[in-house]
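Student: Dumping the structure here so I can ask a few things about it.
The values are calculated or read from the model by the stated rules, or taken from the named source; none is laboratory data. What you see is a predicted model; the values in this text were computed from it and never measured. Here the Cβ positions follow ideal geometry from the backbone for every residue, glycine too, while neighbour counts run over all protein chains shown.
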């Protein structure tokens, strides 16, 4: 009896082991990380048997077979997916083409690529598929065959153009093009994913969420949409939802480089640095000539997981691959400084292959029009400034608005028009943005959400929504431009307008008193002349506007100080005394 009772007690303590598809999937991933391909294959097979209708398990099985060189078996699995599980999983044709090419059956590989492009001309692997067609044509000794796109080619080109706008920071142009595309082709999921990104970058988070949901309704396993959703959850503070989704994403084993990049960078952004580190290590092993950005991703993940020596190695390789870039050199120097801190604390390194925003702004802010041209030419910097206006803190937004006064192009105008309509933004920031719009010469009226309601503003009418100070200070610019007319070119006139807008945006909270309009106008003309190396002294400006030279000097110093125009070296101090 006692022996039976002990046996029963032991049996009550047994915890049943979960033996579902997820269990074997996790075992397979663990074996894959340890390069134990035979075990990984065994576990992927069992996972696929447990859930025969799950295409992800079958794709993983096909992927491991391909990595082991068993290309025919891999294609058999991929064909079963298309025939029995999900005929819409068109990327299987691309995977089959790769397997056929590895078996040197180039004709068959070409057929698979053509089928893939005809079924999904804007698919995730369309660019690689077209490159493979060129390569296969060279191997076969003839001109490359073209897919039969039918009527799809026009909107393919439009989507490619929209993607280029998105990559170069022209978010509003990208948004317009992508909105037209998804209206004409509601099932075009790649366009919807890019549209969700365009909305996200311009701060329209509700619209971004809607587009992601539409993609996932059509394709619940769309990796790009799931990654975008996880980042959006983090931004919205939906911690529980984000963590559940992250746990699901961590189980993915991407088969293609693009998916690996997407998953790796997303995990890094979400703070899952160990997962990001493993993904970027795999990518470095797979890429024959890694891009400098990949070395940076791997370095950031290594540093953020405490592998500091490895991070330094990756940044050194990035410097070798991209010797003209400041990014790897900056992080390599910072890495060494951080590690010598007495408190032992190190920051989290960004995965973006660019300098931190704060450093970019410090470098650009004092350089006026030169900064504007630099931002226009550099899409990464441009997109980071648009992002900062929508997602930065108050001081960052103020700095961006000041810099936008120098850039003053159509895209900036549209971004500022959207900004002033956001109820969640501070009225004072919106008034500064309205001031910049006014001095840009943007078409009136301006619609803005001011004082808890939507108002129309005419800058010349003294509308109370914009505050009386705007009309008062406008007279200074008018006086200056009257004095400059006929003696300065269009660029110099534009600089006067921009400089004044930047100054007012900075001192809006506590504007100095205007005792005499001519004093500020003289100082403004003097500073513009100094910017362009023209022969105009403070005494000359004082005589021209009939004010005291001391007044001109005092106001000019204020303009230069606020707008960070000139270094305070001996030469500039001497100029001020002239």
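Student: Just need a number here: residues in region 447-456 that are surrounded by 13 or more Cβ atoms within 10 Å (Cβ to Cβ) and at pLDDT below 80.
Tutor: Total satisfying the criteria: 2.
Student: Could you list, in sequence order, all residues of region 164-176 that are within 29 Å of residue 115 (Cα to Cα) and either surrounded by fewer than 18 Cβ atoms within 10 Å (Cβ to Cβ) or at pLDDT 90 or above (or both)?
Tutor: Initially, region 164-176 is screened for residues within 29 Å of residue 115 (Cα to Cα), giving 164-167, 174.
Of everything in region 164-176, those that are within 29 Å of residue 115 (Cα to Cα) and either surrounded by fewer than 18 Cβ atoms within 10 Å (Cβ to Cβ) or at pLDDT 90 or above (or both) turn out to be 164, 167.
Student: Somewhere in region 205-218, is a residue touching a residue at least 60 places away in the same chain (Cβ under 8 Å) and not assigned by TED's automatic domain parsing to the domain that holds residue 122? Let's see the steps before the verdict.
Tutor: Of all residues in region 205-218, those touching a residue at least 60 places away in the same chain (Cβ under 8 Å) come to none.
Taking every residue of region 205-218 in turn, none turns out to be touching a residue at least 60 places away in the same chain (Cβ under 8 Å) and not assigned by TED's automatic domain parsing to the domain that holds residue 122.
Student: Can I ask one more? Could you check region 195-205 and list, in sequence order, the residues that are over 17 Å from residue 230 (Cβ atoms) and at pLDDT 85 or above? Write out each step before concluding.
Tutor: So the first thing to find is which residues in region 195-205 are over 17 Å from residue 230 (Cβ atoms), and the list is 195, 198, 202-204.
Within region 195-205, 195, 198 meet the criteria.
Student: Then there's this: I'd like to check something: does region 3-21 contain any residue that is more than 17 Å from residue 99 (Cα to Cα), modelled with pLDDT under 75 and crowded, with 16+ Cβ neighbours inside 10 Å?
Tutor: Restricting attention to region 3-21, the residues satisfying the condition of being more than 17 Å from residue 99 (Cα to Cα) are 3-21.
Still in the list and also modelled with pLDDT under 75: 3-21.
In the following step, the residues that additionally are crowded, with 16+ Cβ neighbours inside 10 Å were identified as 21.
Checked against the condition, which is being more than 17 Å from residue 99 (Cα to Cα), modelled with pLDDT under 75 and crowded, with 16+ Cβ neighbours inside 10 Å, region 3-21 yields at least one hit.
Student: Only residues that are assigned to a helix (DSSP H, G or I), in contact (Cβ under 8 Å) with a residue 60 or more places away in the chain and crowded, with 19+ Cβ neighbours inside 10 Å: list them for region 237-272, please.
Tutor: Residues of region 237-272 assigned to a helix (DSSP H, G or I): 239-249, 257-269.
Applying the additional criterion that residues be in contact (Cβ under 8 Å) with a residue 60 or more places away in the chain yields 258-259, 265, 268-269.
Answer for region 237-272, where residues must be assigned to a helix (DSSP H, G or I), in contact (Cβ under 8 Å) with a residue 60 or more places away in the chain and crowded, with 19+ Cβ neighbours inside 10 Å: 259, 265, 268.
Residues checked against (1) part of a helix (DSSP H, G or I); (2) closer than 30 Å to residue 55 by Cα; (3) touching a helix residue (DSSP H, G or I) at 6+ places or on another chain (Cβ under 8 Å):
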{"position": "164", "(1), (2), (3)": "yes, no, no"}
{"position": "173", "(1), (2), (3)": "yes, no, yes"}
{"position": "181", "(1), (2), (3)": "yes, yes, yes"}
{"position": "187", "(1), (2), (3)": "no, yes, yes"}
{"position": "191", "(1), (2), (3)": "yes, yes, yes"}
{"position": "194", "(1), (2), (3)": "yes, yes, yes"}
{"position": "217", "(1), (2), (3)": "yes, yes, no"}
